[in-house]
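Report on one structure; see the data block that follows.
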Ligand SMILES: N[C@@H](CCC(=O)N[C@@H](CS)C(=O)NCC(=O)O)C(=O)O
């Protein structure tokens, strides 16, 4: 398999972490969606990443669809999501909030690319407030282990990616271990795993 997209893309990173945790080998083509569009286009005509090229040549798009497919390939016992019940519901809820936060961070990044005279501070502030509200929702629910049950799930993957993108990248002043100690602890636990540390695009302070 070939995974197209850089680890800087959290959606690509969540697929990469999933592949690594599931022990599925892949070649990583770290093309940047804004700076290397011509390299991405043959795999992904809309120039969206991630794209995953399967061994039979089929190309899949959209991280959630790809992960759903990978879970089906490995089967419910190995999938990084409970197959039913409260654990599945809770994990999907964390993924939803983490993904919504990540979307806001993406919007903040896009806003930062505009020439400074075209950036609207109130827009960036409003996006930041929404992201902070999401982190507060999650912080209130983090315990001492993984987010749902005793095993790492897609919930931890999405939340840690969103947290690191904010704390090590776009919102380090307001999203950090002082403001969100429980999520920071969760990220530290995740970073002991090669799947997370080997895909971290941000230098750690
Ligand atoms: N829902 C998609 C979102 C993918 C996405 O927006 N990727 C960004 C990079 S993180 C991208 O390709 N941006 C370039 C663009 O939209 O033109 C997924 O989960 O894979």
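The values are calculated or read from the model by the stated rules, or taken from the named source; none is laboratory data. Model, not experiment: these values are computed from the prediction. All Cβ positions, even for glycine, are placed from backbone atoms using ideal geometry, and neighbour counts span all protein chains on display.
Annotation: of all residues in region 45-57 being surrounded by 14 or more Cβ atoms within 10 Å (Cβ to Cβ) and near the ligand (Cβ under 8 Å from one of its atoms), the one that is farthest from residue 72 (Cα to Cα) is 47. Taking region 7-27 as the range and being within 15 Å of the ligand (Cβ to nearest atom) and in contact with a strand residue (DSSP E or B) (Cβ under 9 Å, 6 or more places away or on another chain) as the test, the residues that pass are 7, 12, 15, 16, 19. Does any residue of region 109-121 turn out to be under 26 Å from residue 16 (Cβ atoms) and buried (at least 18 other Cβ atoms within 10 Å of the Cβ)? No, region 109-121 contains no residue that is under 26 Å from residue 16 (Cβ atoms) and buried (at least 18 other Cβ atoms within 10 Å of the Cβ).
Could you check residue 120 against (1) away from the ligand (no atom under 13 Å from the Cβ); (2) not assigned by TED's automatic domain parsing to the domain that holds residue 158 and say which number it fails? Unmet for residue 120, out of (1) away from the ligand (no atom under 13 Å from the Cβ); (2) not assigned by TED's automatic domain parsing to the domain that holds residue 158: (2). Of 148, 142, all but one fail to be under 18 Å from the mean Cα position of the chain (by Cα) and surrounded by 20 or more Cβ atoms within 10 Å (Cβ to Cβ); the exception is 148. Listed by first and then second residue, the pairs linking a residue in region 22-40 that is exposed (fewer than 10 other Cβ atoms within 10 Å of the Cβ) to a residue that is assigned to a strand (DSSP E or B) and modelled with pLDDT of 95 or more, with Cβ atoms under 6 Å apart and 6 or more places separating them unless they lie on different chains, are 27/2.
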